[in-house]
Structures are given as structure tokens and as C-alpha cells.
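Q: Okay, here's the structure, questions in a sec.
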Amino acid sequence: MPAIVTVVDLFKNYYMGTQTVHVLKGLNLSFDEGDFVALMGPSGSGKSTLLNVLGCLDRLTSGQYFIGDVDVSDMDDDQLSEVRSTYLGFIFQSYNLLPQYTVVENIELPLLYQGIKLDEKTKARCVALAELVCLGDRLDHRPLQLSGGQQQRVAVARSLVNDPHLILGDEPTGNLDSKTSIEIMHMLRELNRAGKTIIMVTHENDIAAWARRVVRLRDGRVESDVRNDTRTVMEIG
Ligand SMILES: Nc1ncnc2c1ncn2[C@@H]1O[C@H](COP(=O)(O)OP(=O)(O)OP(=O)(O)O)[C@@H](O)[C@H]1O
Ligand SMILES: [Mg+2]
């Protein structure tokens, strides 16, 4: 299976005045097309930092980052924003919906940011995505008129509007109760089965169990990298 993203010798520092914070310390990781990866590790181990680099929301300090065969490490801001809008979808812990917009308008937002003209066709696509996440009867609701799980479902639909290859989630179930978390995980598993590659940060073992592979970070390094499906096969075999 071809690697969809690869990081080579990835270092990430933050600079605060005279202090350098060394966060990612030489990561080498490759994620395959169609994989479903849980990124785990203690608070402060660098999970969100890695996800932000993978999502082209932040730049690496040294090393290389490839999407397919393309080295994105040296891209300028416009090129990175093009990669984000054509290739990547994002789901955040706090949903990040705009409160004044309806469900459909929130799903449309990434298209607006890409400068795509909204018309009946884009609207129909957003309505179909709302239906996909079972919010067909909530199209004109605003985020505050929705439950947390429903808001996260809007965020899932929004992450799909540009038909991304790779979906990145930073604790997508972090604010949800366990029943609602399972709903969201069902949705992510279906998307993965339909071919989407997913990399998701989580603190919960039972959420990570939905993934095919679990990568654990500790203090900016990879502590372990285990395939759930291999483990299952081993347990059965
Ligand atoms: N913008 C920043 N400036 C300075 N230091 C930062 C910045 N962002 C993160 N850090 C530091 O980098 C380290 C890793 O942060 P990161 O947010 O990646 O951790 P995390 O693994 O996602 O933790 P959590 O599980 O709590 O979300 C932390 O020590 C944090 O203080
Ligand atoms: Mg984090």
C-alpha cells in the first residue's frame, strides 16, 4: 500500500523568548493510504504538534514531510493552504463550528475559504453530507441548538466537503460521552472503510481500539507502534 504521508527525522521546536522548547525529537513515521491510526501518549508528548504539522497548520523545524511523493516541507503559505484545502480534512475536539451559521452553512465553510462559488450544486452536496451524518432534519439549526454529538457530526460532515484523502482528528471524541463517542467512531470507521485515511489523537484506549494502528508518543519520540489488526489476528491465531 503506498504511503500517503511520511515524516523523516522530524524535529519541531517552539521558541519562547530566549527559551527553546524541543517538542518533536526526530520522528520517522509513514502512514499508508487507507489506514486508520490512533495517536496516543501523555499530555504534552507532542500529539497535537505532530497533527498540526501533518495538517500543514504548523511548520516543522527540521526534517522532511512528504505527502505522496511531494515534499511539502519547503512549501510557502499559499501552497500549504492549497494542500490543506484540496487534500486534508480536520475534526477538532471543540468542534470549531461558527455559532451564527446553520448546519449547512458550517459544512459549506471550507468551500468558501477555498474561494469556491456557493450555488445550488454545492448546497445539495452539503445537504447530502448533513444527511450522511444523520442531520437531515437539522439543516437550519445553529450549533447552540444542537447537542455536542450533533455538533461533532456537523464537523465530520464539514471535514468531508472537499473530499479529502486524509482526515486528521485531534481528540474528536474528547468532549463527548461514551455513547456519543461510539456514534462518532462508527462514522469514522465507515469513512475509513470507504477509503479515507484517518489519523486521530485520543487519550482513550477504547477509542484507540477502533483504529487499525496505534502509535504512542512519549516526550516527542515514538514509544511504540502497534497494529491492532495484527494483534487481533495473533490473539485469534
Ligand atoms: N505554541 C507553542 N509555544 C510553545 N510551546 C508549545 C506550543 N504549543 C505546544 N507547546 C509545548 O509543546 C509540548 C507538546 O504540546 P502538544 O500540544 O503537542 O501536546 P499533546 O501531546 O497534544 O498534549 P495533550 O494531550 O495535553 O493535548 C508541550 O510541552 C507544550 O507546552
Ligand atoms: Mg493535544
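Q: If Arg218 satisfies all but one of (1) of a type outside the set (A, V, I, L, M, F, W, C); (2) away from ligand 1 (no atom under 15 Å from the Cβ); (3) in contact with a Pro (Cβ under 8 Å, 6 or more places away or on another chain), what's the number of the condition it fails?
A: Unmet for Arg218, out of (1) of a type outside the set (A, V, I, L, M, F, W, C); (2) away from ligand 1 (no atom under 15 Å from the Cβ); (3) in contact with a Pro (Cβ under 8 Å, 6 or more places away or on another chain): (2).
Q: While we're looking at this one, here's another question. Out of the strands (runs of 3 or more DSSP E) lying entirely within region 1-76, which hold 1 or more residues that are surrounded by fewer than 17 Cβ atoms within 10 Å (Cβ to Cβ)? Before you say what the answer is, go through the steps one by one.
A: Working: elements: 3-16, 19-32, 36-40, 62-67.
Result: 3-16, 19-32, 62-67.
Q: Can Ile207 be described as hydrophobic (A, V, I, L, M, F, W, C), more than 11 Å from Val37 (Cβ to Cβ) and within 15 Å of the chain's Cα centre (by Cα)? Lay out the reasoning, then the answer.
A: Values: hydrophobic (A, V, I, L, M, F, W, C): yes; more than 11 Å from Val37 (Cβ to Cβ): yes; within 15 Å of the chain's Cα centre (by Cα): yes.
When the stated conditions are applied, Ile207 passes them.
Q: Now for a different question. Quick one: is Ile91 closer than 24 Å to Ala155 by Cα and within 14 Å of ligand 2 (Cβ to nearest atom)?
A: Working: closer than 24 Å to Ala155 by Cα: yes; within 14 Å of ligand 2 (Cβ to nearest atom): yes.
So Ile91 fits the description; yes.
Q: Look through region 157-171, keep the residues that are touching a Leu at 6+ places or on another chain (Cβ under 9 Å) and part of a loop (DSSP other than H, G, I, E, B), and return whichever of them is surrounded by the most Cβ atoms within 10 Å (Cβ to Cβ). So that I can check it myself, show each step before the final result.
A: First, pick out the residues of region 157-171 that are touching a Leu at 6+ places or on another chain (Cβ under 9 Å): 157-162, 164-170.
Pick out the ones that are also part of a loop (DSSP other than H, G, I, E, B) and you get 161-162, 164-165.
Details: Val161: 21, Asn162: 18, Pro164: 19, His165: 18.
Going through the qualifying residues, I end up with Val161.
Q: Under 30 Å from Arg221 (Cα atoms) and hydroxyl-bearing (Ser, Thr, Tyr): does that describe Tyr87? Steps first, please.
A: Working: under 30 Å from Arg221 (Cα atoms): yes; hydroxyl-bearing (Ser, Thr, Tyr): yes.
Yes; evaluated as a whole, the condition is true for this residue.
Q: Return yes or no: is Asn175 farther than 13 Å from Asn106 by Cα and within 13 Å of the chain's Cα centre (by Cα)? I'd like the intermediate steps shown before the answer.
A: Details: farther than 13 Å from Asn106 by Cα: yes; within 13 Å of the chain's Cα centre (by Cα): no.
Against the criterion (farther than 13 Å from Asn106 by Cα and within 13 Å of the chain's Cα centre (by Cα)), Asn175 does not qualify.
Q: So, in region 172-203, how many residues would count as being within 16 Å of ligand 1 (Cβ to nearest atom), modelled with pLDDT of 95 or more and surrounded by fewer than 23 Cβ atoms within 10 Å (Cβ to Cβ)?
A: 1
Q: I'm trying to understand the selection: among the residues of region 132-156, which are free of Cβ contacts under 8 Å to residues at least 60 places away in the same chain, in a helix (DSSP H, G or I) and under 21 Å from the mean Cα position of the chain (by Cα)?
A: First, pick out the residues of region 132-156 that are free of Cβ contacts under 8 Å to residues at least 60 places away in the same chain: 132-151, 153-154.
Okay, now just the ones that are also in a helix (DSSP H, G or I), so 132, 143-145, 148-151, 153-154.
Hits for region 132-156 are Leu132, Pro143, Gly148, Gly149, Gln150, Gln151, Arg153, Val154.
The values are calculated or read from the model by the stated rules, or taken from the named source; none is laboratory data. For clarity, every value in this text was computed on a predicted model and none was experimentally measured. Ideal geometry is used to build each Cβ from the backbone, glycine not excepted, and the neighbour counts take in all protein chains shown.
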